[in-house]
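**Student:** Below are the structure tokens for one structure; questions will follow.
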Amino acid sequence: MDPRVNDIVVRCMCDMGERYGLDLGGGPMRETLLFGESGLLDSVGLVSLIVAVEQEIENDLGVSIVLADERAMSQKHSPFRSIGALADYAASLVSAEQ
């Protein structure tokens, strides 16, 4: 996994935490739940995070990806359940585009 992608997801989640007053405990970690039961984000927050991550990946890495696509929606385990899952999924898309 590309550590730059993980850093982007964590940075975007920190921004979301500040903007919406989310309790991130000691900071966002790979295990931090994003959506679903015990998740920090509602559907609007999740969409905002996805858009922010897509934009930052394009700005920082020069790669355009779409995170919320049919492939993501059809997976047995949602790539949006945690920071780690989102970072891994985004990294796989970045790798496929390079």
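**Student:** Have a look at ALA72, ALA87, ALA52 and tell me which one the Gaussian network model of the chain (Cα, springs below 10 Å) gives the largest fluctuation.
**Tutor:** Top of the fluctuation ranking is ALA72.
**Student:** Please tell me the relative contact order of the chain in percent, rounded to the nearest whole number, where contacts are Cα pairs under 8 Å and at least six residues apart. Walk me through the intermediate numbers first.
**Tutor:** On the way: 103 pairs, mean separation 35.7, N = 98.
The value is 36 percent.
**Student:** In degrees between 0 and 90, to the nearest 10, how far off the longest principal axis of the chain does helix 83-97 point, with axes built from Cα atoms?
**Tutor:** 10 degrees
**Student:** If you add up the charges near ARG71, with Lys and Arg at +1 and Asp and Glu at -1, over every other residue whose beta carbon is less than 15 angstrom from its beta carbon, what do you get?
**Tutor:** Details: positive: LYS76; negative: GLU54, ASP69, GLU70, ASP88, GLU97.
Summing Lys and Arg as +1 and Asp and Glu as -1 gives -4.
**Student:** Can I ask one more? To the nearest 10 degrees, how steeply does helix 3-20 sit against the main Cα axis of the chain, on a 0 to 90 scale?
**Tutor:** 40 degrees
**Student:** Roughly what angle does helix 43-61 make with the longest principal axis of the chain, taking Cα atoms, 0 to 90 degrees, to the nearest 10?
**Tutor:** Between the helix axis and the principal axis of the chain, the angle is about 40 degrees.
**Student:** Something else about it: Only one of the values (1) 20, 15, 12; (2) 29, 14, 10; (3) 45, 11, 10 was calculated from this structure for semi-axes √(5λ) of the Cα gyration tensor in Å; name its label.
**Tutor:** (1)
**Student:** While we're here: With +1 on each Lys and Arg Cβ and -1 on each Asp and Glu Cβ, and nothing else charged, work out how big the dipole of the chain is about its Cα centre, in Debye to the nearest 20. Don't jump to the answer; show the numbers that get you there.
**Tutor:** Values: 7 positive and 16 negative charges, 43 e Å.
It comes to approximately 200 debye.
**Student:** Continuing with this model, one more query. Which residues in the stretch 72-98 have a backbone N closer than 11 Å to a point placed 7 Å from the Cα of MET1 along the Cα-to-Cβ line?
**Tutor:** Correct set: 82-92.
**Student:** Given a 10 angstrom Cα cut-off, can you work out which residue in VAL63, VAL44, VAL53 is the most mobile in a GNM of the chain?
**Tutor:** Evaluated over the chain, the most mobile residue of the options is VAL44.
**Student:** What GluC sites (Glu not before Pro) does the stretch 1-64 have in DSSP loop regions with at most 12 other beta carbons within 10 Å? Walk me through the intermediate numbers first.
**Tutor:** Working: sites: GLU18, GLU31, GLU37, GLU54, GLU56, GLU58; in loops: GLU31, GLU37.
Passing sites in the stretch 1-64 are GLU31, GLU37.
**Student:** Here's a follow-up. If Lys and Arg each add +1 and Asp and Glu each add -1, what is the summed charge of the other residues whose beta carbon sits under 12 Å from the beta carbon of VAL9?
**Tutor:** Numbers: positive: ARG4, ARG11, ARG30; negative: ASP2, ASP7, ASP15, GLU54, GLU56, ASP60, ASP88.
Around VAL9, the charge tally is -4.
Computed from the coordinates by the stated procedures, all read-outs in this text should not be read as laboratory data. Source: prediction; values computed, not measured. A quick note on method: Cβ atoms are made from the backbone with ideal geometry, for glycine too, and the neighbour counts reach across all protein chains shown.
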